[in-house]
1. Specify the residue that is surrounded by the fewest Cβ atoms within 10 Å (Cβ to Cβ); the eligible residues are those in segment 109-139 that are of a type in the set (Gly, Ala, Ser) and within 23 Å of Thr68 (Cα to Cα).
2. Would you please list the contacts, defined by Cβ atoms under 9 Å and residues six or more apart or on different chains, that run from a residue in segment 119-137 that is modelled with pLDDT of 90 or more to a residue that is outside any helix (DSSP H, G or I)?
3. For segment 89-103, how many residues meet the condition of being in a loop (DSSP other than H, G, I, E, B) and either among the β-branched types (Val, Ile, Thr) or closer than 25 Å to Ser72 by Cβ (or both)?
4. Checking the condition of a type in the set (Lys, Arg) and in a strand (DSSP E or B), which residue from Arg65, Arg48, Arg81 passes?
5. Please enumerate the residues belonging to segment 46-103 that are farther than 26 Å from Val18 by Cβ, in contact with a helix residue (DSSP H, G or I) (Cβ under 7 Å, 6 or more places away or on another chain) and either of a type in the set (Val, Ile, Thr) or exposed (fewer than 10 other Cβ atoms within 10 Å of the Cβ) (or both).
6. Looking at (1) in contact (Cβ under 8 Å) with a residue 12 or more places away in the chain; (2) in a helix (DSSP H, G or I); (3) under 25 Å from Phe20 (Cβ atoms); (4) not β-branched (Val, Ile, Thr), which is the only condition Asn106 fails?
7. Glu86 is checked against (1) free of Cβ contacts under 8 Å to residues at least 12 places away in the same chain; (2) under 18 Å from the mean Cα position of the chain (by Cα); (3) assigned to a loop (DSSP other than H, G, I, E, B) and fails just one. What number does that condition carry?
Amino acid sequence: MFVRWVVRGHKNSDIANVTFHDAYLVESYRDDNGSPRQRTVSYLGNVRQIDDEFPAIERGLFLLRTQTILDSIAELSDEDREQTMEQIQRRIQPLSDDEVMIGFVNTLRWYYRWWQQHDTVPSDEEVMRMVKTSQQTSESMTIDNWE
C-alpha cells in the first residue's frame, strides 16, 4: 500500500496562491492476466497549502481525520496503518509542541469570547472539570456530548 497525492490548484489561482493536496490510500495488485494494477482503497482527505506552507490548523485537522479514516478500515493491519501515517507525515509534518500550545490557548480564547457574549462564562472549577474529562476520555472523540 502507498499514498497517492493529487495536487490541484485553487480555482482562482491568479489571485490565491493556494493548492489542495488530496491523499488516497492505494493498493497494488496483479489482475487475472498477471498485469500490475492499482486500486484506491480509501480517500484520506485533503490539506490546503497556502504559498509554501501547510498552516498548523490545516495539518492538525488533516492528520486527525486521516488517522480516524485509517482506524476505520478493518482490513488494514496495524503495520499498514503505521506505515501509511509515516508516509503521510513525510509530506505533512505533525504539529510541534509550540503549535499545539498556541492552538490550545487560541481555542480557549475563542470559547471565552463566546461564553462572554452569551453570559455563560464557566467557573474555574467547571473549566478544570472539562480539562479532567478530556484527559480521562482522550481515546474517544464524541461530537454529541462532551461528557
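1. So, considering only residues that are of a type in the set (Gly, Ala, Ser) and within 23 Å of Thr68 (Cα to Cα), the one surrounded by the fewest Cβ atoms within 10 Å (Cβ to Cβ) is Ser138.
2. Every condition considered, the pairs that remain are Arg129/Pro122.
3. 4
4. Arg48
5. none
6. (1)
7. (3)
The values are calculated or read from the model by the stated rules, or taken from the named source; none is laboratory data. These numbers come from a predicted model, not from an experiment. Every residue, glycine among them, receives a Cβ derived from its backbone with ideal geometry; neighbour counts consider all protein chains shown.
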